[in-house]
Structures are given as structure tokens and as C-alpha cells.
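As C-alpha cells, the structure follows; a few thoughts come after it.
The values are calculated or read from the model by the stated rules, or taken from the named source; none is laboratory data. Because the structure is a prediction, the values reported are computed rather than measured. Neighbour counts run over all protein chains shown; Cβ positions are idealised from the backbone, glycine included. Accessible surface is based on the protein model in full, side chains and every heavy atom, while ligands, DNA and RNA are left aside. Shrake-Rupley method; radii C 1.70, N 1.55, O 1.52, S 1.80 Å.
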Amino acid sequence: MTMRTVYVNGEYLPENEAKISIFDRGFLMADGVYEVTSVLDGKLIDFDGHAKRLERSLNELDMPHPDVLPDLLEVHRELVRLNGIEEGMIYLQITRGAPGDRDFVFPDPETTKPTVVLFTQNKPGLADSPAAKKGIKVISIEDQRWARRDIKTVQLLFPSMGKMMAKAAGVDDAWMVEDGAVTEGTSNNAYIIKNNTIITRHLGNEILHGITRAAVLRFAREAQMQVEERSFTIAEAQDADEAFITSASTFVMPVVEVDGVAVGNGTPGPVAARLREIYLDESRKVAI
Ligand code: PDD
């Protein structure tokens, strides 16, 4: 892979020259938040949604706002330009900074400034993904994450273990279940479709409030589709007509198997395909 130009604390640097302190609280405590914004046609998809959620994550954790916060659109665009990204993602992470020692107590924001890192991930063919035509298979696993999943923190160990459980089971991803109901996928929101109604878990602290979720539900309602925001079970998913996931990196991705049981006829369904098309078309139109 060619050397990327990344952003770290106000500087654009070759990736092998970018450095973070060993005392950074992101490293020691997972005391950091992040966003992933996709790029299509060299433009940012749903940028405003990601920027708003980032600010909310910072506020929920009492994390000081970095000085660069109002200029993040410019930084994203500059990285897209410097790295020649047509299709791919921008990863952004903000941590509570590096106080110079390890301490559970938050550092004084007057002396410890947040760490801000952004880098690009070049993914040609992201929108025209073969997986979207085939659909993905998922297993269910118990949701063992902390209770504030609405905050987009960098503590991704359990989701990462979930992906490994999926891999060991020979499938693509895992849906997490709590008290008998699906919360979400390891890095995406989960949906089923039954009798033309789109069903996805209601918002709360139990799931991340997906930016793609908000856009897809808005487009679905505009297209006069029925939407129900409520929890559902794995049995309901296995009995559904269709299933799918959404996220910034997968957009709308059909799910064709849950715990070894085919969903519908076991191939991507028409509603998910239509939602993917609407989402991609409409978001490209307003990309910035
Ligand atoms: N993940 N739920 C979880 C647990 C997620 O990690 C994500 C995103 C989503 C979807 O949110 P959005 O539509 O705003 O991307 C839902 C990103 C893509 C990641 O961790 O790479």
C-alpha cells in the first residue's frame, strides 16, 4: 500500500511519521470517541450527521472539544484530496489526550489537550460491493458490551471478539442479543422486513444511533414504506421476509442467513435492494 498522509494534532504527515504518546488515554483507557465517514465520488456522505454525533459523544463523556472541531469538514476534505480518495472511508478519533502519566481521574483540560487523529482508507468499489449482491450470513451472540452503546467510543474489544466468533463459525458477522432481543450488529444496525414493514430496534442507550439508520429510515418513510422501531428476536428474524444491516461502510447490506436458517428464500430481497439504491442515490446527491 502506498504511504498515506494522515492528520495528527494539527499536522498532515506521512503515516510512518505520525506519533502519539504512550500516556495517551485512548491507548491506556480506551478514553476516546470516533467516527467513520464514507467517501463516494470523492465526496463525504452524511458528514453533518457524523459531526453532530461526534459532538454528542464528546459531551456525554465530558471530553473537552478540540480547537479543530469547527474545522473538521476542511480536514476531512484535505485528507480526501491529499490521498486522492474516490471511494473509501475517513476514520476520525478524538481522545482525552496524554497527561504524561497513568491516572483514572480525568486530567485537567487546561493542561491536557485532546488528541485528534484522522486517516483515510481507500476502498475502490465500495458502493458496487459484490457482498451486496450475495448478501451476508450472521450468527447470534450474547451482547456483552457496556451499557452506553449510544456513545461511539473506541472500546471495540467485544465487537472485535464477535467478528472472530462469526469468522470461526464460517459466517460474515454477528448480531448481538440482550434479554432475548437483537440489539445490533457488531459494527452496524440490524433490520428485518415482515409483510413489507421495516422493523429495527428503537433508539436508546442499548445501540449506537446509526447515521445511516437515520437516513435510511427517512428515505423509507418518504417512499411510503412502513417502519416500526421496536426490538425483535432471532426467531422473528429467521421467519422474516428479508433482513439487512446498515452502516457508513456497508450502506444497506442484505442478510440472507441467521444462525444457519435462510431468511426468506436465502437471497437478497427486493426491499433491501431498493433501500440500498435509494440510499446511495440520495446520499450521493447531497454529498459534500
Ligand atoms: N460502525 N452500530 C455499531 C455498533 C457501529 O459500530 C456502527 C458503525 C453502526 C452504524 O452506524 P453508522 O451508520 O453511523 O455508521 C451501528 C463503524 C462503521 C465502524 O466501527 O467501523
Exercise. Between residues in region 93-121 that are more than 30 Å from L44 (Cβ to Cβ) and residues that are open to solvent by less than 80 Å² (accessible area, probe 1.4 Å) and of a type in the set (A, V, I, L, M), which pairs lie under 6 Å by C-beta distance while being six or more apart or on different chains?
Worked result: R102/L28
For this session: Select, from E178, E184, the only residue that is acidic (D, E) and closer than 19 Å to T246 by Cβ.
Result: E184
Exercise. So, in region 134-155, of the ones that are without any contact (Cβ under 8 Å) to a residue 40 or more places away in the chain and either open to solvent by less than 20 Å² (accessible area, probe 1.4 Å) or of a type outside the set (K, R) (or both), which residue ends up nearest to N205 (Cα to Cα)?
Worked result: W146
Exercise. Do any residues in region 265-288 that are in a loop (DSSP other than H, G, I, E, B) have Cβ atoms under 7 Å from those of residues that are open to solvent by 30 Å² or more (accessible area, probe 1.4 Å), where the two are at least six apart or on different chains, and which pairs are they?
Worked result: G266/E257; P268/K133; G269/D241; A287/D41; A287/K43; I288/K43
Seminar exercise, completed: Across (1) without any contact (Cβ under 8 Å) to a residue 60 or more places away in the chain; (2) over 25 Å from Y91 (Cβ atoms); (3) part of a strand (DSSP E or B), F244 clears everything bar (2)
Exercise. From the list I211, I207, I234, which one is open to solvent by 10 Å² or more (accessible area, probe 1.4 Å) and under 19 Å from the mean Cα position of the chain (by Cα)?
Worked result: I211
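Are any residues in region 156-176 farther than 19 Å from T250 by Cα and within 11 Å of the ligand (Cβ to nearest atom), and if so, which ones?
F158
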Problem set entry | Residue within region 93-111 that is within 18 Å of the chain's Cα centre (by Cα) and assigned to a helix (DSSP H, G or I) present | no
